[in-house]
Structures are given as C-alpha cells and as structure tokens.
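Here is the structure we will look at, set down as structure tokens.
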Amino acid sequence: MSFLNPIFLLSLIAVSVPLLIHILSRRRVPEVPFSTLRFLSESDKRSMSRINMRRLLLLVLRMLIVALLALAFARPVVRGRFAALFPARAPRAVCLLIDGSYSMRFNDERGTLFDRAKKRAMEVLRSLDRSDDLYVVLFGDGQRLVYSGGFEPSSAEETVKGLEPTWSGTNLPAAVDFARGLLGNSNNEAKELYVISDFQETALGRGADTLNSSSGHVARARREPSGIPNKGEAEGRAKEAQRGSRGGKDTSKPGTTAEKPRGKMRVFFLPIEAVDPSQSAVLNVLTPRVKVHRNEVVRLKISLRNFSRDLAASFPLEVVLGDKRILQREITLPAASSKTEEVEFPVYQTGWIRGVVKKSRDRLDVDDERYFTLDVRRKTNVLLIAGEGSFYLEQALNPEGADGNIALDEKDWGR
C-alpha cells in the first residue's frame, strides 16, 4: 500500500487527542461510608462496569474516526493481489500537467525540481488502471501533449521518464484550460487533473481566475513561492527549437483546445518546493553601441539580480576577455534586489573577441554566466593635405568622425 498525499499521515498524531481528553476528564470521587447504602454496593459495581465499558467503546470509536480521516486525506492506493479484495471503481479520465519551465532546473540536495516532479508523476501513474484514459502534458509558456489515450503502464512510465525541462517561462492558467479541453474528449465520467509544479508567482499572474472556475471541486495544496527566476533564455529557446518536440504534439498555438469537460473535474495541486530557494543570476550584459577600436576603453553594463526574498547574496564576479581574466570584483546584493554593475577595460587586439561574465555557481547554474562579443577594429591613418574649404573633403573621407574607422590627420598644403 502507498499514499498519494503522504504528508497527511502526520495528522495521525491527532488520534491521541481523544485519549488525552478521556484521561484528563476522569474525576476522583472520594468514598464516604454510609450505612443505609451498604447493601447497594454490589449493584453499583455492576452498573459502573457497564458505564465504563460504554465509555471505552466511545473512546475507541472517536480515535478510529480521526485515524480514518487522516488515512482518507492521504489517499491510500492498494496494488498487487490485495487489490482484488476491493471493488472496482468507475473508469477515470486523468490529465497530468507537468511543469517543464526554466525554474524546474533548480537543483538542491534532493536533485532537480524537474526530476522530483517526474517522481510525483510516477506515483500518480501507479494509482491508475488500464480502464482509465490518460493525458500527459509538459507545459511552460505553451503546452506539449506527450501521451494520450488508454493507460498502458509501461508506455506511460517511459514517456514520463524521457521528459526534459524547457527554457521557457510558465503560463499555468493556459495549461489548465488546455487540460480541460483534453478531458472533454474522454467519455469517462470521473475526471481528475493533477498539476505538478513549483508554482512560481509569475505562472499565476495571467488569467489566474481560470484556476478558480475550472472545476466544481478543487483539492488545494499548500503553495509557497520559492524565489527562483522564471525567465526564459534566448539561447535555451534556440536549443529547444533545434531539438524539436521529441515526438510530442506541440500545442502552444491558440485554438488547439477541445471542448470543455462535462460535469465536475477534481483538481489536485502537487507542489515541488526547493529546500534552499536562494538564487542569484547574471541577467544581461550590454556592450557598447558604438564601434570599438584598438587601444580604446570599453564599458560593459552587467545586470545582476538576487531572487531570494530573505537572504542577501555575496559572490565574486569575473570578466574574461578571450583567454585572459581582466577583472574580478566582489558583489553583495540585498534580498530581492537588482543591480547594474559597470566595468571598464582597454582592448589591445583587433578582430572578433569573445568574452564572458560569470559568477560563482549556485543551485541554478544555467544563468551564472553570460557571453558577449566585441568587434574590435583598427583605425586607418589618413593624411589629408589641403587648403581652405576642405570641409566636404573631410566629411567624404571620414563621415563618422571619431567613431569611424579613419584616423584623419589634416595638413595645410601651403605650409
């Protein structure tokens, strides 16, 4: 036997509450001998034994009710040969929404959030029967249907094991609306939706009312923001586009949802939370917009952010140009703050030069470094010998002025 919500097993501690009340409410009545009631002591003992037995039965029933409630909320699942002892239930239509956004790459002592999300999904799969309909959706900004149809344990488990996180943000309301459409395609009356996510605040910002009206019955789970960035990366999106959908159906475009499910839909939120949500990142590196020439000073603007709500972040920041480290600086960011750091350095070589800005590694190392390139050019020395009225000739030779690739030196031809 296993449990879908094992956290509710902690409520079994409440079984001891009726017992404590029973013990504390017992009263010690002093015995006072009274001659006329001496012959009634035997009948009094018999009646008291019946009353005590009734009290004990009530105590056991109260403790049993509390224990059964705790087990019911934990949702026990019976498998194997013992499953035949319980009557079969009606077939269900089950949709698994698995968050594959950028923040699910966060890594702590228990592994990445996405790996833990897949384990929760496997627990849900083990509670299904072959008579159930199953839909598995990997969602971020869009939705990708990776499994659809009758439940086949081996095929469904292999599909979930092969999932990889994306580089996109999260749009949870759109994913829930898409899942409602999928469940509407099933003829099974019992419909259940399982949402496995780290539940970033940015995921609930657009159309959050969809979550409140998507079903008649919602089982709410505790959700705390983890403070992890949910910003998609351009280079990651390019990798994802090259890799393709891995055989899944890309449904990120609007207009792909089916009819809404008939009747009520039960929704279960299964949060995946980080142990230590502290996280800082190099958001962006801005290079000069003007042309860069040899022996000139280059200024970079580096955007940094601390995503932790409670903890300050301190880390070394390095700038490497080519194969040479040209700068290292200690950075301190207060909790939930951003900062733009400006660095200046001269360049002595020409051509395309690749550089990188990086910080010390943390639990989400994908955004700990940002690459940039500089096109460093050599100025051509030109000597102009002319007389008065050479303005237009100067503009023709060097129209960009000091920012151009011409170093113009003018001499008067009469001297």
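Which of the residues spanning region 368-394 are modelled with pLDDT under 90 and of a type in the set (Ser, Thr, Tyr)? Selection gives Thr380, Ser390, Tyr392. Filtering region 107-142 to residues that are more than 21 Å from Ala274 (Cα to Cα), hydroxyl-bearing (Ser, Thr, Tyr) and buried (at least 16 other Cβ atoms within 10 Å of the Cβ) leaves Ser127, Tyr135. For region 8-25, check the following and say yes or no: at least one residue is at pLDDT 65 or above, assigned to a helix (DSSP H, G or I), closer than 30 Å to Ala156 by Cα and not small (Gly, Ala, Ser). Yes, that holds for at least one residue.
Checking each residue in region 132-147 for being touching a Lys or Arg at 6+ places or on another chain (Cβ under 8 Å) and more than 14 Å from Ile196 (Cβ to Cβ) picks out Asp132, Asp133, Gly142, Arg144, Leu145.
Does Ser308 count as within 28 Å of Thr112 (Cα to Cα) and in a loop (DSSP other than H, G, I, E, B)? Spelling it out, Ser308 is indeed within 28 Å of Thr112 (Cα to Cα) and in a loop (DSSP other than H, G, I, E, B).
Could you tell me whether region 86-101 includes any residue that is in contact with a strand residue (DSSP E or B) (Cβ under 6 Å, 6 or more places away or on another chain), surrounded by fewer than 18 Cβ atoms within 10 Å (Cβ to Cβ) and outside any strand (DSSP E or B)? Yes, region 86-101 has at least one match. Of everything listed in (1) over 22 Å from the mean Cα position of the chain (by Cα); (2) farther than 25 Å from Ala90 by Cα, the single unmet condition for Gly111 is (1). I'd like the full set of residues that are charged (D, E, K, R) and surrounded by fewer than 14 Cβ atoms within 10 Å (Cβ to Cβ), limited to region 277-319. Answer for region 277-319, where residues must be charged (D, E, K, R) and surrounded by fewer than 14 Cβ atoms within 10 Å (Cβ to Cβ): Arg289, Arg299, Lys301, Arg309, Asp310.
Considering only residues in region 298-329 that are at pLDDT 90 or above and among the β-branched types (Val, Ile, Thr), the one that is farthest from the chain's Cα centre (by Cα) turns out to be Val298.
The values are calculated or read from the model by the stated rules, or taken from the named source; none is laboratory data. Quick caveat, the model's predicted, so the values are computed rather than measured. Here Cβ is always computed from backbone atoms with ideal geometry, including for glycine, and neighbour counts include all displayed protein chains.
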